[in-house]
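Working notes for the structure below.
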Amino acid sequence: MKAPLSWLAEFVDLDLTPDALATRLTLLGMEVRAVESRGGDWKNVVVGELLTVEPHPKADRLSLTTVFIGVGEPLAIVCGATNIAPGQRVPVALPGAVLPGDRRIERTEKMGIVSNGMLCSGDELGLTSDSAGILILPGSAPVGATLASLYGDTVLDIDVKPNRGDALSIVGLAREIGAITGTPIRFPAIDVIEGGMPVGERLSVTIADQHLCPRFVGRWVGGLKVGASPDWVQMRLAAAGVRPISNVVDASNYVMLELGKPIHTFDAAAVRNGRLEVRTARPGERLVTLDHIDRSLDDQTLLIAGDDGPLAIAGVMGGAESEVGDGTSDVIVESAIFDPVSIRRTAFAYALRSEASLRFEKGQEFRLARLGADRTAQLLAAWAGGTAAPGRIDTAPDEPEAARVAFRPGRTARLVGLELSAEVQSALLGRAGITVESPPASEASVSVPIARGSRPLDVTVPVADTLFAVVPSWRRDLEIEVDVVEEVARLNGYDQVPSTLPATPMPAFRQSPMALRDRLREDLAGLGLREVVTHALVARGKVEAWAWARPVDAAEGEAAAGGELITLTNPLSIDHATLRQGLVWGVLNAIAVNRRRGQDDLALFEIGKGYGRVGDDVHEWWRLALGLAGAFDPPAWNRPRRAADLDDLKGIVAQMCRLLDLPAPIYEAATSEPTLHPGRSARVTATNADGRVGLVGFVGEVHPGRAAAEDERVVGTLVAELSIAGLSIGQPPVARGVMPSRFPEVERDIAVVVADSVFAAEIEARIRASAGPLLRSLRLFDIYQGQPLAASERSLAYRLVFAADRTLAEEEVEAAVRAVTEAVIGAGGRIRA
């Protein structure tokens with residue numbers, strides 16, 4: 001915000017130089033980005049008095065003037081303006097003068113007569129917006145004085161932080177200066193002269209949603225004449241960076257800069273029957289805004305409407321139909337409080353962020369609705385000759401009580417390192433208008449707010465340790481204890497905060513919660529897989545198309561998948577509108593993208609989270625996804641190309657089980673999963689000896705129909721999605737060495753002929769259950785189909801390894817093999833000779 005010092009000086013005494021003041025404000029948290037000297041580019045421009053104004057003998061549109069500048073002989077200057085007369089004081093640019101824009105003035109000849117300089121308009125000097133005539137100065141302006149000494153100013157360009165909307169005003173910045181110097185501020189006197197018909201007979205206001213518009217104050221000012229504002233008003237607005245427009249519009253802008261209260265004025269003739277309604281837009285409504293753009297309004301847009309439809313987008317921009325123009329004689333002054341979130345969303349949605357919306361979206365002091373309306377009515381009467389109707393329309397005249405925030409003075413030293421007594425802290429807060437009170441002595445304890453937001457948190461402390469800060473209505477940023485402590489540090493000076501090392505002992509060593517994830521990444525990369533990181537936001541259709549019919553169960557200690565889909569309210573793209581619930585589509589999409597670029601052989605993995613909404617809370621879970629496509633073994637001189645198959649995927653899962661110190665995984669058919677091939681998919685589980693699930697999920701080939709419907713490039717792709725114990729936060733198991741047995745192991749091979757519909761896992765489970773405690777390992781090493789077996793049969797060859805802490809007798813091994821044979825035959829199989 002740009003703040004002219006001449007304007008600030010009306011509200012607070014300025015005893016510091018501009019540079020010193022800029023430094024102090026910056027140390028107070030109000031960073032001054034620049035100190036601008038307004039009028040510094042006026043060179044050789046002085047006040048002159050017109051002695052004569054006569055027609056130019058050779059040009060009808062020019063005048064020949066003589067001007068006295070306080071010294072020497074009067075100067076002859078040719079001028080084309082028509083608003084000049086003898087006796088006026090005017091700005092004179094002497095030969096050699098330099099005006100804004102590096103415009104240089106020299107002695108010239110105009111129609112045969114020498115002109116010794118130039119009489120200047122307000123626009124040429126950058127003081128006012130009037131370019132048609134010469135700037136007429138007050139009669140008290142001393143002749144010969146430099147214009148810079150009279151109208152020059154120093155402007156501070158201040159970066160007001162987002163939490164300090166109250167400082168986006170001259171009064172707010174004056175309060176900050178008062179806090180620095182300890183001097184009181186002078187609030188502008190507001191005295192509205194009223195007359196005529198009461199406002200209630202001219203204007204009525206209806207609020208459809210009190211949450212979106214907690215307060216609306218309206219006034220009626222009639223009998224005014226729209227024209228240019230007084231020169232000093234235009235100069236002040238221009239210095240603050242606002243372009244002067246007319247006395248009515250300038251009055252609302254002046255109040256916005258002075259008090260920080262955005263105001264809008266409607267041409268009363270455009271408001272039928274004087275009825276206003278604050279409501280959201282209805283289907284199909286449109287509005288031509290002041291920038292003359294016809295806008296389609298959505299149902300979330302808050303409007304100020306009349307009987308004939310929308311008149312303005314509340315807090316953002318008015319409509320062209322109700323714009324104040326040259327023919328306006330009566331205006332309605334709107335001074336309202338709007339919901340900050342609603343205004344911010346609307347301003348972004350229509351790309352219409354303005355000085356007004358900037359202030360609304362930071363929140364407004366409740367009482368400013370009344371003060372802003374009265375101040376605007378006062379200025380309209382003074383600058384445009386209007387008369388305010390008696391009274392005001394106020395939808396919420398009862399203003400809330402000041403908030404009281406409990407804080408512990410002793411916490412200041414703990415939080416910011418400042419050893420300040422309670423009395424000193426109270427005095428510092430008092431300089432910012434924050435009074436301090438002691439809690440009632442009758443209470444034993446006090447609740448101190450220490451966290452804000454959707455889950456506020458209080459702590460109960462003894463009454464002797466606390467004070468109450470009575471927060472003024474303009475300080476919306478002070479809500480919890482640390483806010484008050486920070487205010488103490490700010491007012492004392494951030495430069496006074498000592499540099500100290502933390503007194504708290506450093507925490508003990510903690511192992512990384514990502515250790516298991518990192519180990520899995522290293523191990524999978526060692527197996528030849530590449531990691532991908534896909535977008536967590538995907539199209540809703542993709543989430544639904546690739547959802548598991550039976551969600552992946554959770555491993556021990558991991559979160560289970562579940563909850564409703566979470567969809568963004570305002571997504572940047574429809575392809576990134578919904579948070580994923582599984583990782584399979586992300587891996588498949590990465591495969592499709594690579595294949596479109598000619599990379600057909602892919603082995604990918606991703607470790608990421610799924611998301612769901614359970615009630616009002618967001619639920620998250622960690623998963624590992626795998627994807628194999630094309631050749632797993634690329635061709636070489638000594639081997640042919642081999643396409644990836646389900647056994648490759650199962651081998652990767654088995655390697656992870658070894659890494660996680662889990663037994664061999666167990667597979668069961670997963671025929672009911674619509675995303676997987678019904679004959680080439682399985683549910684995998686690996687369970688510890690104590691019964692805890694260490695790994696669980698699905699593996700298989702994607703369903704050819706589903707894959708073809710989504711993208712032909714992913715047909716035949718193998719995928720897995722797994723929940724692994726410790727994936728969210730855990731450590732890999734410590735590698736354990738096993739001493740080799742001193743006793744020999746005994747191997748036996750057995751070939752089992754079973755029906756083609758029998759799963760190898762079933763046979764393996766029967767072998768393990770029947771072999772007894774001597775079985776150390778079991779491995780399927782061959783599968784055979786063909787003659788002499790029937791077409792519906794296959795042979796599964798297993799290698800059994802028996803061992804004990806002693807030398808086994810042949811009888812013991814043969815007994816275990818017989819038990820296995822009987823179990824297999826009992827399951828409908830036979831031993832292949």
- Task: Sort out which residues of segment 103-150 are of a type in the set (S, T, N, Q) and out of contact with any helix residue (DSSP H, G or I) (no Cβ under 8 Å at 6 or more places or on another chain), and write them in order of number.
- Result: THR108, SER115, ASN116, SER121, SER140, THR146, SER149
- Task: Collect the residues in segment 258-286 that are over 30 Å from LEU5 (Cα atoms), assigned to a strand (DSSP E or B) and open to solvent by 10 Å² or more (accessible area, probe 1.4 Å), keeping them in residue-number order.
- Result: ASP267, ARG275, GLU277, ARG279, THR280, ARG286
- Message: Which numbered condition in (1) open to solvent by 50 Å² or more (accessible area, probe 1.4 Å); (2) in contact (Cβ under 8 Å) with a residue 12 or more places away in the chain is the only one that THR26 fails?
- Response: (2)
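Output the residues belonging to segment 218-257 that are of a type in the set (Val, Ile, Thr) and open to solvent by 10 Å² or more (accessible area, probe 1.4 Å).
To start, the set of residues in segment 218-257 that are of a type in the set (Val, Ile, Thr) comprises 221, 226, 233, 242, 245, 248-249, 255.
Listed by number, the residues that qualify are VAL226, VAL242, ILE245, VAL249.
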- Task: Please work out which residue is most open to solvent (accessible area, probe 1.4 Å), limiting yourself to segment 785-831 and to residues that are farther than 23 Å from SER757 by Cα and in contact (Cβ under 8 Å) with a residue 60 or more places away in the chain.
- Result: ASP805
- Message: One residue is enough: does segment 4-16 have a residue meeting the conditions open to solvent by less than 20 Å² (accessible area, probe 1.4 Å), of a type outside the set (D, E, K, R), closer than 19 Å to THR146 by Cβ and touching a helix residue (DSSP H, G or I) at 6+ places or on another chain (Cβ under 6 Å)?
- Response: yes
- Query: In segment 194-223, which residues are over 13 Å from GLU277 (Cα atoms), in contact with a strand residue (DSSP E or B) (Cβ under 7 Å, 6 or more places away or on another chain) and of a type in the set (A, V, I, L, M)?
  - Reply: VAL199, VAL221
- Query: Which number in (1) open to solvent by 50 Å² or more (accessible area, probe 1.4 Å); (2) part of a strand (DSSP E or B); (3) at pLDDT 90 or above marks the one condition that THR66 misses?
  - Reply: (1)
- Task: Output the residues belonging to segment 657-690 that are open to solvent by 50 Å² or more (accessible area, probe 1.4 Å), more than 13 Å from ARG550 (Cβ to Cβ) and either aliphatic (A, V, I, L, M) or outside any strand (DSSP E or B) (or both).
- Result: ARG658, ASP661, PRO663, ALA664, ILE666, ALA689, ASP690
- Item | Selected residue (criterion: farthest from the chain's Cα centre (by Cα)) from residues of segment 238-293 that are over 21 Å from THR387 (Cα atoms) and among the acidic types (Asp, Glu) | GLU277
- Message: Of the conditions (1) in a strand (DSSP E or B); (2) open to solvent by less than 10 Å² (accessible area, probe 1.4 Å), GLU701 satisfies every one except a single condition; which number is it?
- Response: (2)
- How many residues of segment 512-571 are open to solvent by less than 70 Å² (accessible area, probe 1.4 Å) and in a strand (DSSP E or B)? The answer is 3
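For residues in segment 29-49 being over 22 Å from GLN234 (Cβ atoms) and assigned to a strand (DSSP E or B), which is most open to solvent (accessible area, probe 1.4 Å)? Talk me through it step by step, then tell me what you get.
Here is the first cut: in segment 29-49, the ones over 22 Å from GLN234 (Cβ atoms) are 29-35, 43-44, 49.
The next check asks that each one be assigned to a strand (DSSP E or B); those that pass are 31-35, 43-44, 49.
Values: GLU31: 78, VAL32: 24, ARG33: 137, ALA34: 36, VAL35: 64, LYS43: 105, ASN44: 84, GLU49: 50 Å².
The residue in question is ARG33.
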- Note on the structure: Across (1) over 23 Å from LEU379 (Cα atoms); (2) in a loop (DSSP other than H, G, I, E, B); (3) open to solvent by 30 Å² or more (accessible area, probe 1.4 Å); (4) of a type outside the set (Val, Ile, Thr), CYS213 clears everything bar (3)
- Query: Which one of the conditions (1) open to solvent by less than 10 Å² (accessible area, probe 1.4 Å); (2) over 30 Å from ASP159 (Cα atoms) does THR376 fail to meet, given that it meets all the rest?
  - Reply: (2)
- Message: Of everything in segment 756-785, what is under 16 Å from ARG830 (Cα atoms), more than 60 Å from the chain's Cα centre (by Cα) and small (Gly, Ala, Ser)? Give them in sequence order.
- Response: SER770
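When you scan segment 308-317, do you find a residue that is farther than 22 Å from ASP130 by Cβ, open to solvent by 30 Å² or more (accessible area, probe 1.4 Å) and not aliphatic (A, V, I, L, M), even just one? Lay out the reasoning, then the answer.
Filtering segment 308-317 down to residues farther than 22 Å from ASP130 by Cβ leaves 308-317.
After this cut, where a residue has to be open to solvent by 30 Å² or more (accessible area, probe 1.4 Å) as well, the list is 308, 317.
In the following step, the residues that additionally are not aliphatic (A, V, I, L, M) were identified as 308.
Yes, the conditions are met somewhere in segment 308-317.
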- Enumerate the strands (runs of 3 or more DSSP E) found wholly within segment 83-171, keeping only those where 3 or more residues are open to solvent by 40 Å² or more (accessible area, probe 1.4 Å). 108-110
- Task: Looking only at segment 235-251, count how many residues are β-branched (Val, Ile, Thr), farther than 22 Å from GLY222 by Cα and assigned to a helix (DSSP H, G or I).
- Result: 0
- In this structure, does VAL719 turn out to be under 30 Å from ALA549 (Cα atoms), open to solvent by less than 90 Å² (accessible area, probe 1.4 Å), touching a residue at least 12 places away in the same chain (Cβ under 8 Å) and in a loop (DSSP other than H, G, I, E, B)? no
- Item | Residues located in segment 520-537, provided they are out of contact with any His (no Cβ under 7 Å at 6 or more places or on another chain) and either hydrophobic (A, V, I, L, M, F, W, C) or on the phi > 0 side of the Ramachandran plot (or both) | LEU520, LEU524, ALA525, LEU527, GLY528, LEU529, VAL532, VAL533, ALA536
- Message: Looking at ARG345, ARG359, can you tell me which residue is open to solvent by 10 Å² or more (accessible area, probe 1.4 Å), at pLDDT 90 or above, among the basic types (Lys, Arg) and not in a loop (DSSP other than H, G, I, E, B)?
- Response: ARG345
- Note on the structure: Cβ pairs under 8 Å, 6+ apart or interchain, first in segment 489-513 and of a type in the set (D, E, K, R), second part of a loop (DSSP other than H, G, I, E, B), ordered by first then second residue, are ARG490/LEU28; ARG490/GLY29
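Of everything in segment 478-503, what is within 25 Å of GLY453 (Cβ to Cβ) and out of contact with any Gly (no Cβ under 7 Å at 6 or more places or on another chain)? Give them in sequence order.
At the first step, the residues of segment 478-503 found to be within 25 Å of GLY453 (Cβ to Cβ) are 478-490.
LEU478, GLU479, ILE480, GLU481, VAL482, ASP483, VAL484, VAL485, GLU486, GLU487, VAL488, ALA489 - these are the residues of segment 478-503 that are within 25 Å of GLY453 (Cβ to Cβ) and out of contact with any Gly (no Cβ under 7 Å at 6 or more places or on another chain).
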- Item | Members of segment 606-656 that are aromatic (Phe, Trp, Tyr) and open to solvent by less than 10 Å² (accessible area, probe 1.4 Å) | TRP621
- State all residues of segment 172-202 that are within 24 Å of PRO262 (Cα to Cα) and part of a loop (DSSP other than H, G, I, E, B); if no residue qualifies, say none. ILE185, ARG186, PHE187, PRO188, ALA189, ILE190, ASP191, VAL192, ILE193, ARG202
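Evaluate segment 395-408: report whether one residue or more is open to solvent by less than 60 Å² (accessible area, probe 1.4 Å) and among the hydroxyl-bearing types (Ser, Thr, Tyr). Steps first, answer last, please.
Going through segment 395-408, the residues open to solvent by less than 60 Å² (accessible area, probe 1.4 Å) turn out to be 395-396, 402-403, 405-408.
So of that shortlist, the ones also among the hydroxyl-bearing types (Ser, Thr, Tyr) come out as 395.
Yes: segment 395-408 contains one or more residues that are open to solvent by less than 60 Å² (accessible area, probe 1.4 Å) and among the hydroxyl-bearing types (Ser, Thr, Tyr).
The values are calculated or read from the model by the stated rules, or taken from the named source; none is laboratory data. In this text the structure is predicted, and so the values were computed from the model without any measurement. For neighbour counting, all protein chains shown are included, and Cβ atoms are generated from backbone atoms with ideal geometry for every residue, glycine included. Side chains are part of the model used for accessible areas, which takes the heavy atoms of the whole protein and leaves out ligands, DNA and RNA. Shrake-Rupley method; radii C 1.70, N 1.55, O 1.52, S 1.80 Å.
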